[in-house]
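The values are calculated or read from the model by the stated rules, or taken from the named source; none is laboratory data. It should be emphasised that the depicted structure is a prediction, and the values quoted were computed from it without experimental measurement. Note that we place each Cβ from the backbone using ideal geometry, even for glycine, and neighbour counts take in every protein chain shown.
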Amino acid sequence: MAGSIATRTGDDGFTSLLYGQRVPKDHPQIEAVGAFDELNASLGFAKATCPDPARRAELETIQKDLVSLMGELACAESDTERYLASKFAKIGEPELARLDATIAAIEARGVKFEGWATPGANLHAAALDLARTTARRAERRLVALPAHGRSVRPVVRQFVNRVSDLLWLLARVAEA
């Protein structure tokens, strides 16, 4: 029989970071990881509502990138070098360049938008806007980490910012 999801190790209000350090469940790193977990779930909803197989694949790639990002955020500052030297996948320049290229391709198509969007034109556009707002919240949690002693690589900040930009554009495309 497989192990239980209920480890009971968090019943005291603490949880473990990647390499075992225990922190309170409301620790800023746990808040950030949780925000990106919410974004991953929001992207899953957007993916499930998407009629275009290529776009679904693109959203799934971003989800996989977020798993890498969460791994990085889930290690203590003292374990950063250990994590960066590990075989775990990491967000880097290629992932950022992929998002930039996708944004440029969408903008080159002349996406039309007037003023601020009012989400809800259709289910898929609404799902993308929900994911976008979740991405912005996750970004706010990310940029707060240095004030709490946890550094964040610039490419990670840039990646997260581009994800929300891309989701905004995708929602506008979906509205059309």
Study note, to complete from the structure: Restricted to segment 118-147 and to residues being out of contact with any Ser or Thr (no Cβ under 8 Å at 6 or more places or on another chain) and under 17 Å from Glu58 (Cα atoms), the residue surrounded by the fewest Cβ atoms within 10 Å (Cβ to Cβ) is Ala125
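What tally of residues in segment 89-119 results from selecting those that are hydrophobic (A, V, I, L, M, F, W, C), in a loop (DSSP other than H, G, I, E, B) and either at pLDDT 95 or above or touching a Lys or Arg at 6+ places or on another chain (Cβ under 9 Å) (or both)? Even if it seems obvious, please write down each step before you answer.
Narrowing segment 89-119 to residues hydrophobic (A, V, I, L, M, F, W, C): 89, 91, 96-97, 99, 101, 103-106, 108, 111, 113, 116-117.
Those left that are additionally in a loop (DSSP other than H, G, I, E, B): 89, 91, 111, 113, 116-117.
If we keep only those that are either at pLDDT 95 or above or touching a Lys or Arg at 6+ places or on another chain (Cβ under 9 Å) (or both) too, we end up with 89, 91, 111, 113, 117.
Total meeting the criteria: 5.
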Revision key, fill the gap. Taking segment 67-88 and keeping residues among the aliphatic types (A, V, I, L, M), part of a helix (DSSP H, G or I) and without any contact (Cβ under 8 Å) to a residue 60 or more places away in the chain leaves Val67, Met70, Leu84, Ala85
**Study point:** Test set (1) at pLDDT 95 or above; (2) more than 18 Å from Arg150 (Cα to Cα); (3) among the polar types (S, T, N, Q) - Ser4 fails condition number
**Key:** (1)
**Study point:** Residues being surrounded by fewer than 20 Cβ atoms within 10 Å (Cβ to Cβ), touching a residue at least 60 places away in the same chain (Cβ under 8 Å) and either of a type in the set (Asp, Glu) or in a helix (DSSP H, G or I) (or both) - total across segment 148-168
**Key:** 4
Check your understanding: Could you say which residue among Leu96, Leu43, Leu69, Leu73 is more than 24 Å from Ala171 (Cβ to Cβ) and among the hydrophobic types (A, V, I, L, M, F, W, C)?
Key -> Leu73
Review point. Is it fair to say Asp26 is outside any helix (DSSP H, G or I), charged (D, E, K, R) and surrounded by fewer than 18 Cβ atoms within 10 Å (Cβ to Cβ)?
Key: yes
Exercise for review: For segment 30-37, state whether one or more residues are within 20 Å of Asp165 (Cα to Cα), modelled with pLDDT of 95 or more, in a helix (DSSP H, G or I) and touching a Phe, Trp or Tyr at 6+ places or on another chain (Cβ under 8 Å).
Suggested key: no
Revision key, fill the gap. Exactly one of Thr134, Thr80 is polar (S, T, N, Q), under 21 Å from the mean Cα position of the chain (by Cα) and at pLDDT 95 or above, and that one is Thr134
Exercise for review: Taking Ala85 as the residue in question, decide whether it is of a type in the set (A, V, I, L, M) and under 17 Å from the mean Cα position of the chain (by Cα).
Suggested key: no
